[in-house]
Amino acid sequence: MQQNINYHEKLFNIVNNVERVIIGKREVINLLICAFLCKGHVLIEDVPGVGKTSLASALAKSFSCSFKRIQFTPDVLPSDITGFSMYNQKSGEFEYKEGAIMSNIVLADEINRASPKTQSSLLEVMEENQVTVDGVTYPLEKPFIVLATQNPVEYLGTYPLPEAQMDRFFMRIFVGYPKQEDESQMLLRFKGANPLETLSAVMSTQDLITLQNLVSEIFVSNEVSDYIVNLVRRTRENPNVILGGSPRASLALFKAAQAHAFLNKRNFANPDDVKKMILPTLEHRIFLKPEAKIKNITQNSIVLDALKSVKVPV
């Protein structure tokens, strides 16, 4: 128990560290931390200028893990991401040259500005934590987490992410505009040096791995597990969707409930944890029929309908 208290203090320090850069977004920061505790990749989506990249960079710098940033543009190639084989004339053999993905934490900035072919190069590495180049598989060091940012697909120069890749993101998070008082405070804080430049790590790689193991031990009853399955299955049965939540979505919601319970200093997950985490873990995995969009039906409304129709376990 004392060990858990110490780790909760370290998580509190992580939140404070990120809030030196991002003001007034504690709930968003907590969602990101939940994803880290579940070894999950995160898609941060919002309009330009609200701090998506700064948020991802601040959280990544708070951990003493290896960190790389990839600026996605239309001319980025799959080999830039996964690496490539180069012939060494001295040894007479092909040698693997690591790509930008070989790191503990990878910031994929504006991921939907890359071509679909380049986006697809992330499918294997996000699911299996490994890359395959010329028939040879190279595992990545643990932990491995992708933090991706994207602008809404309505913006010029963007490509929609394929369904398979959207499903590999543990969560999709929206940052939103700051409140008036938070924006005023931001101006005062950033009038000098950027706080992101002086940010230092407050948690080690081993601490993060230990926390991930502790979260996986949070108890989830059969009733809560059935509640999760019923919610996800209800999204598949909705007549307005092409694709509902996959079994991977059920697993993501299960893990997210565990992480939310851990952050709230409980050793068990309850239905309230599921309700709190269902939108960020499930909403982006739902694909609507064209006629549903005409009726102004949204992914959000599909999830909320599932919450209303599925009985909450006691």
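A few remarks follow.
- Within this structure, His284 passes the test of being under 17 Å from the mean Cα position of the chain (by Cα), of a type outside the set (A, V, I, L, M, F, W, C) and either farther than 20 Å from Asp226 by Cβ or part of a loop (DSSP other than H, G, I, E, B) (or both).
- Val146 more than 23 Å from Arg248 (Cβ to Cβ) and either within 13 Å of the chain's Cα centre (by Cα) or assigned to a loop (DSSP other than H, G, I, E, B) (or both): no
- Candidates Ile105, Ile145, Ile101 - the one that is out of contact with any Gly (no Cβ under 9 Å at 6 or more places or on another chain) and within 16 Å of Thr82 (Cα to Cα): Ile105
- Residues that are at pLDDT 90 or above and of a type in the set (A, V, I, L, M), drawn from the range 134-173: Leu140, Ile145, Val146, Leu147, Ala148, Met166, Met171, Ile173
- Taking residues in the range 5-27 that are within 19 Å of Asp182 (Cβ to Cβ) and among the charged types (D, E, K, R), and partners anywhere that are modelled with pLDDT under 90 and surrounded by 16 or more Cβ atoms within 10 Å (Cβ to Cβ), the pairs with Cβ atoms closer than 7 Å and at least 6 places apart or on different chains are Arg20/Pro195; Arg20/Leu199.
- Among residues of the range 201-241, those that are more than 30 Å from Ile294 (Cα to Cα), of a type in the set (Val, Ile, Thr) and crowded, with 18+ Cβ neighbours inside 10 Å, counted: 5
- Residue that is surrounded by the fewest Cβ atoms within 10 Å (Cβ to Cβ), among those in the range 56-90 that are hydroxyl-bearing (Ser, Thr, Tyr) and touching a residue at least 60 places away in the same chain (Cβ under 8 Å): Ser66
Matching residues to (1) more than 22 Å from His260 (Cα to Cα); (2) among the β-branched types (Val, Ile, Thr); (3) free of Cβ contacts under 8 Å to residues at least 40 places away in the same chain:
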| position | (1), (2), (3) |
| --- | --- |
| Pro271 | no, no, no |
| Met277 | no, no, no |
| Ile286 | yes, yes, no |
| Pro290 | yes, no, yes |
| Thr298 | yes, yes, yes |
| Val303 | no, yes, no |
| Val310 | no, yes, no |
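- Residue in the range 93-114 that is modelled with pLDDT under 85 and among the polar types (S, T, N, Q) present: no
- Helices (runs of 4 or more DSSP H) lying entirely in the range 176-274 (those with 3 or more residues that are at pLDDT 90 or above, at negative phi and touching a helix residue (DSSP H, G or I) at 6+ places or on another chain (Cβ under 7 Å)): 205-216, 222-237, 247-263
- Screening Pro152, Pro139, Pro160, Pro116 for residues that are under 29 Å from Gln206 (Cβ atoms) and surrounded by fewer than 17 Cβ atoms within 10 Å (Cβ to Cβ) leaves exactly one candidate, Pro139.
- Screening the range 275-296 for residues that are in contact with a helix residue (DSSP H, G or I) (Cβ under 9 Å, 6 or more places away or on another chain) and of a type in the set (A, V, I, L, M, F, W, C) and picking the one that is modelled with the lowest pLDDT gives Ala292.
The values are calculated or read from the model by the stated rules, or taken from the named source; none is laboratory data. None of the values given here were measured: they were computed from a predicted structure. For neighbour counting, all protein chains shown are included, and Cβ atoms are generated from backbone atoms with ideal geometry for every residue, glycine included.
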